[in-house]
Amino acid sequence: MTTPGANQKINGDRLWDALMEMAKIGPGIRGGNNRQTLTDADKEGRELFTKWCEEAGMTMAIDSMGNMFARFEGTDPSLDPVMIGSHLDTQPTGGKYDGVLGVLAGLEVIRTLNDMGLKTKRSIEVVNWTNEEGTRFAPAMLASGVFAGVHTQDWAYSRTDAEGKTVGGELERIGYIGDEPCGKRKLHAMFELHIEQGPILERENVDIGVVTHGQGLNWLQVTLVGKESHTGSTPMPMRVNAGLGAARITNLVNDIALRYGPHAVGAVGHMDVYPNSRNIIPGKVVFTIDFRHPEKDVITAMEQALRFEGAKIAEEIGLSMDVECVGAFDPVKFDETCVSRVRDGAERFGYSHRNIVSGAGHDACWINRVAPTAMIMCPCVDGLSHNEDEDITPAWAEAGTNVLLHAVLETAEVDQSVEAVSA
Ligand code: HGY
Ligand code: MN
Ligand code: MN
């Protein structure tokens, strides 16, 4: 006999409505979102999420990193909960689905259980992890990293944005420092649904990515110091141009990634030029390098090449160079039992599926350190993400959430003594 609800599907229209409603908060300038972490827009999004969860019969807990745990009580409180987590914060020119799909899909799972009158033995907690993006405050996945014991809370609180505001100060300002110490909360397992943010699933016309691994990452912040001087009257041989160094090292990053292809990637996404005046040779440039690869020793080799060859470039120009690692996580292998439940879900619903390695980092990569974790991916249009044109289809969102429902019900165990109602 199949588990009650085993073939139940979620309400795709209701999920899509929730996504469109949340997208109205922190709008971008081209149809996407700018709901950066710990801003007023983030606070507004958190409040809407809380309202929806409470309407669905859930209770909201906040920990000391502002992580939000919306709990749907199970019938056996002695059992640790199953979490469904992702993030509501976005990039400054982000899309409507990166992270948000995973959180609102978790809400839709609970709304569907309510429709069916189903209860699970294990409680289910839908989680919004603070500062997954790492764009306003580096590094990415900051609060899930504190929860997993990778970062101390004091270090996390001290992280500053471009205006010198701190994570701790901004959490306080929006009123999201909860009493619960971050990391104390127990969990049995976690599932995260996320858009692929790459081209594979759409190109192969596959509905579901069964994420077996996530690639590792190194974020290196480079500071080059030269000498400000007049762009017109300073003879070329006398220049100590930090901008030239940044340009050559940016090109070196690309060369190193190609050298370790086909899986290595590398880019410079953030760069501050000082004093950033049209007619002053830059005296200082600070920029961040993002290196990624599925194997840790390749990431290490890329970093070593950057340090060695970058130092030679700096020396040729007469610059001082400082390289600081401001974010890193090892490649992850997700839990095989949880991964198999994702695959079973895709097969149960007849969705096409394939194993995939996540190119992007996710909160699941850290939570995988403290509990069995797996991810589900859905395609995104042209593989585009971290761009306001990011787009998915309602069918992709629905398929991914149906698989999430299945995997969570299998893991949280439906309490068959509770009389289900026909939806
Ligand atoms: O950078 C990442 O991979 C994620 O989008 N924060
Ligand atoms: Mn994300
Ligand atoms: Mn992202």
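The values are calculated or read from the model by the stated rules, or taken from the named source; none is laboratory data. Small disclaimer: the values here were computed from a predicted structure and weren't measured. Quick reminder, even Gly has a Cβ in these numbers, built from the backbone with ideal geometry, and neighbours come from all protein chains shown. Quick note on the areas: whole protein, heavy atoms, side chains included, nothing else; ligands and nucleic acids left out. Shrake-Rupley method; radii C 1.70, N 1.55, O 1.52, S 1.80 Å.
Some points to look at:
- Neighbours by Cβ (under 8 Å, 6+ apart or cross-chain): first from region 66-85, farther than 16 Å from Thr130 by Cβ; second among the polar types (S, T, N, Q) and open to solvent by 50 Å² or more (accessible area, probe 1.4 Å): Arg71/Thr59; Glu73/Thr59; Thr75/Ser417
- Look at region 87-103: where a residue is in contact (Cβ under 8 Å) with a residue 24 or more places away in the chain and open to solvent by 10 Å² or more (accessible area, probe 1.4 Å) and a partner is within 9 Å of ligand 2 (Cβ to nearest atom) and of a type in the set (D, E, K, R), sitting 6+ places away or on another chain with Cβ atoms under 7 Å, you get Gln91/Glu133.
- Applying the criterion of being among the β-branched types (Val, Ile, Thr) and crowded, with 24+ Cβ neighbours inside 10 Å to the residues of region 69-86, the residue that is nearest to Thr411 (Cα to Cα) is Val82.
- Scanning region 118-130 turns up at least one residue that is among the polar types (S, T, N, Q), within 22 Å of Asn368 (Cα to Cα) and away from ligand 3 (no atom under 16 Å from the Cβ).
- Region 276-313, subset part of a helix (DSSP H, G or I), hydrophobic (A, V, I, L, M, F, W, C) and over 15 Å from Leu217 (Cα atoms), residue most open to solvent (accessible area, probe 1.4 Å): Phe308
- Among the candidates Val370, Val408, residue that is in contact with a strand residue (DSSP E or B) (Cβ under 6 Å, 6 or more places away or on another chain) and closer than 16 Å to Ile84 by Cα: Val408
- Any hit, region 389-404, residues being within 16 Å of ligand 3 (Cβ to nearest atom), surrounded by fewer than 20 Cβ atoms within 10 Å (Cβ to Cβ) and at pLDDT 95 or above: yes
- Selection of region 284-328 for residues being among the β-branched types (Val, Ile, Thr), more than 22 Å from Leu258 (Cα to Cα) and out of contact with any Pro (no Cβ under 9 Å at 6 or more places or on another chain) yields Val285, Val286, Ile317.
- Residue in region 392-406 that is in a loop (DSSP other than H, G, I, E, B) and either among the acidic types (Asp, Glu) or within 15 Å of ligand 2 (Cβ to nearest atom) (or both) present: yes
- Residues of region 117-171 classified as hydroxyl-bearing (Ser, Thr, Tyr) and open to solvent by less than 40 Å² (accessible area, probe 1.4 Å), total: 4
- Of the criteria (1) hydrophobic (A, V, I, L, M, F, W, C); (2) away from ligand 3 (no atom under 16 Å from the Cβ); (3) surrounded by 17 or more Cβ atoms within 10 Å (Cβ to Cβ); (4) under 23 Å from the mean Cα position of the chain (by Cα), which one Met321 fails: (4)
- Residues of region 42-93 that are of a type in the set (D, E, K, R), in contact with a strand residue (DSSP E or B) (Cβ under 7 Å, 6 or more places away or on another chain) and within 16 Å of ligand 1 (Cβ to nearest atom): none at all.
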